[in-house]
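Presented below is the structure to which this report refers.
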Amino acid sequence: MNLAVFDIVVFLAFFAVVLAVSLFQSRREANSEDYFLAGRGLPWPLIGLSVVAANISTEQFVGMAGQGAGSVGLAVSNWQLVGSVGIVLIAFTLLPRFLRAGIYTMPEYLEYRYNAAARAIMAVMTAAIYVAVLLTAVLYSGGLTLRTIFGLNLHAGVWMIGAIAALYTVWGGLKAVAWADLFQGLGLLISGLLTFALGLRACGGWTSFATANADQLHMILPADHPDLPWTGVAAGMWIVIIYYTGLNQFIVQRNLAAKSLRDGQLGVIFAGALWLLVPFAIVMPGMMSRQLYASELPTPDAAFPTLIKNLVPCGMRGFTFAALAGAVVSSLASMLNSASAIVTMDIYQRMIHRSAPQTRLVWIGRLTTGVFVVLGCLLAPALDDPDLGGVFQFIQQFQGYIWPGVVAVFLLGFVLKRAPPAAAVAALLAGPVFYGLFQQWTPGVHFLIQVLFSFVLACLVMVVITLIKPLEAPRRLPERAEMRQATEPIVKLMGALVIAAVALFYFLFR
């Protein structure tokens, strides 16, 4: 797809505004709290849009739309809609605990609850997953999109996206990322909904689209479905959602930066409400692409880019190009900032130089951000392999190594007040082992069910160790006086409305 001069001007203007605003707003990041938590001053609209921009990237526009065009159909939306319910529940349960503790990272919380070894294990695992899986997949899917639509070389696209994200992330930290997400989050949602409207018109309207895709417009798939059976959704997806919305650093970091409990809770509930647009902005366009251009799809992952290539008129292409590039840049920047926070605060400061001055911590964060960009750009082209089964499947399946153990350690840490440090260390180490064994021994079982089995076994390990040698007394966690607040009625109302909207969607597309 060719870009006219006007399209190029729009693209450049979009990123000029993004960079200018984000760099200006983050010009005074002098210490680690400023750099990694935006001075703990983010309001709820910025939190909500930043969570959405961090979450929705070309891994969704490419991978999720690809599964929509493939055998999964609308049911791939379960990831976002179950996530909407999950993030609302997190707003009332885990989020207040973390805000009161005043932590920088999720591994840090494990040291307060258990010991330094638990913190170190989670920090290393999280950093490894971010670099080897998430950063790599986001860079690859972004490069694939630019190659499919504009014919840009995959390696060139990957390095261009990495350079843009690194520019403002290295400079301004989380505040720069959050302000950039304000524009990029809105841009990607608007672009997705415009594409939905164009695709719906090309299909002949909703009735024609729904008739042609009647077998795909269902949220619940049979138990023997190879990609997303309802048993997998019921069994293991809730474990994934607890981790992703409540324990995943690059999502939770925005919540930890909230200026009040009310802002933190409304921010994540706002994000949950915006996730309700994903079936329309991403999944259904993938289905439309298969209906309209099936012969042009070399793989399902090419569905969304192919729809844009054929339907977006000259004049809108620059904005679409900017929105897609912004989507991957925003997610990449979020992951980079979160990964550097973990390496700086949980590994460097805690394990190497505990008395490091604040200026050094900021520069260590900047250095690790740059290193991670280079590693991600070098690894990303290796995902250009059709045998992987799609980028979205790759992302979800390989994160199974971290989900069971981490969720078990946090949840049982709240329930079993006397669970000792040894129980947490054992579960964190056992979780990846159990999941790896299930991957080898039960290849025909869906990975979400494998996640459930691994989680249950990790919990049993913790229970047995707690029964053998419990703590003499429960641990006392730090508490910020300014976060001792009650949940306001407006927060409860908004949360209930989001859950009701999700229930309605399931009823309509059951």
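The values are calculated or read from the model by the stated rules, or taken from the named source; none is laboratory data. All values derive from a computational prediction rather than experimental measurement. Please note: Cβ atoms are built from the backbone with ideal geometry, for glycine as well, and neighbour counts cover all protein chains shown.
Testing Gln253 on (1) within 17 Å of Val72 (Cβ to Cβ); (2) crowded, with 21+ Cβ neighbours inside 10 Å, one condition comes back false. Which one is that?
Every condition holds for Gln253 apart from (1).
Could you check, for the range 273-286, whether at least one of its residues is farther than 30 Å from Gly173 by Cβ, buried (at least 24 other Cβ atoms within 10 Å of the Cβ), aliphatic (A, V, I, L, M) and in contact with a Gly (Cβ under 9 Å, 6 or more places away or on another chain)?
Yes.
Looking at Leu200, is it assigned to a loop (DSSP other than H, G, I, E, B), in the same structural domain as Asn337 (by TED's automatic domain parsing) and over 21 Å from the mean Cα position of the chain (by Cα)? So that I can check it myself, show each step before the final result.
Working: assigned to a loop (DSSP other than H, G, I, E, B): no; in the same structural domain as Asn337 (by TED's automatic domain parsing): yes; over 21 Å from the mean Cα position of the chain (by Cα): yes.
No.
Being of a type in the set (Gly, Ala, Ser) and over 18 Å from the mean Cα position of the chain (by Cα) is the filter; apply it to the range 37-52 and report the residue that is surrounded by the fewest Cβ atoms within 10 Å (Cβ to Cβ).
So in the range 37-52, the residues of a type in the set (Gly, Ala, Ser) come out as 38-39, 41, 48, 50.
Then keep just the ones that are over 18 Å from the mean Cα position of the chain (by Cα); that gives 38-39, 41.
Details: Ala38: 30, Gly39: 19, Gly41: 15.
Among those that are of a type in the set (Gly, Ala, Ser) and over 18 Å from the mean Cα position of the chain (by Cα), it is Gly41.
Just the residues that are in contact with a Gly (Cβ under 9 Å, 6 or more places away or on another chain) and polar (S, T, N, Q), please, taken from the range 423-440.
Residue satisfying the conditions is Gln439 alone.
Against the conditions (1) closer than 29 Å to Ser340 by Cβ; (2) crowded, with 21+ Cβ neighbours inside 10 Å, where does Ser260 fall short? Just the number, please.
Answer for Ser260: the failing condition is (2).
Can you tell me which condition Ser340 does not meet? The list is (1) in a helix (DSSP H, G or I); (2) touching a helix residue (DSSP H, G or I) at 6+ places or on another chain (Cβ under 9 Å); (3) more than 30 Å from Leu37 (Cα to Cα), and all the others hold.
Only one criterion in (1) in a helix (DSSP H, G or I); (2) touching a helix residue (DSSP H, G or I) at 6+ places or on another chain (Cβ under 9 Å); (3) more than 30 Å from Leu37 (Cα to Cα) is unmet by Ser340, namely (3).
Output yes when any residue across the range 358-378 is over 30 Å from Gly157 (Cβ atoms), hydroxyl-bearing (Ser, Thr, Tyr), out of contact with any Phe, Trp or Tyr (no Cβ under 6 Å at 6 or more places or on another chain) and in the same structural domain as Ala128 (by TED's automatic domain parsing), and no when none is.
yes
Identify the single condition in (1) surrounded by 14 or more Cβ atoms within 10 Å (Cβ to Cβ); (2) under 24 Å from Ala132 (Cβ atoms) that Thr466 does not satisfy, given that it satisfies every other one.
(2)
What are the residues in the range 131-158 that are among the small types (Gly, Ala, Ser) and under 14 Å from Phe398 (Cα atoms), if any?
Let us first name the residues in the range 131-158 that are among the small types (Gly, Ala, Ser), namely 132, 137, 141-143, 151, 156-157.
Ala132, Ala137, listed by residue number.
Have a look at Ala234, Ala180, Ala166 and point out the one that is under 22 Å from the mean Cα position of the chain (by Cα) and crowded, with 23+ Cβ neighbours inside 10 Å.
Working: Ala234 fails: crowded, with 23+ Cβ neighbours inside 10 Å; Ala166 fails: crowded, with 23+ Cβ neighbours inside 10 Å.
The unique qualifying residue is Ala180.
Out of all the residues in the range 408-424, is one or more at pLDDT below 95 and among the aromatic types (Phe, Trp, Tyr)?
yes
Grab the helices (runs of 4 or more DSSP H) fully contained in the range 221-313, keeping just those with 1 or more residues being acidic (Asp, Glu). Outline the logic, then answer.
Values: elements: 238-242, 249-256, 261-275, 284-293, 303-311.
Result: 261-275.
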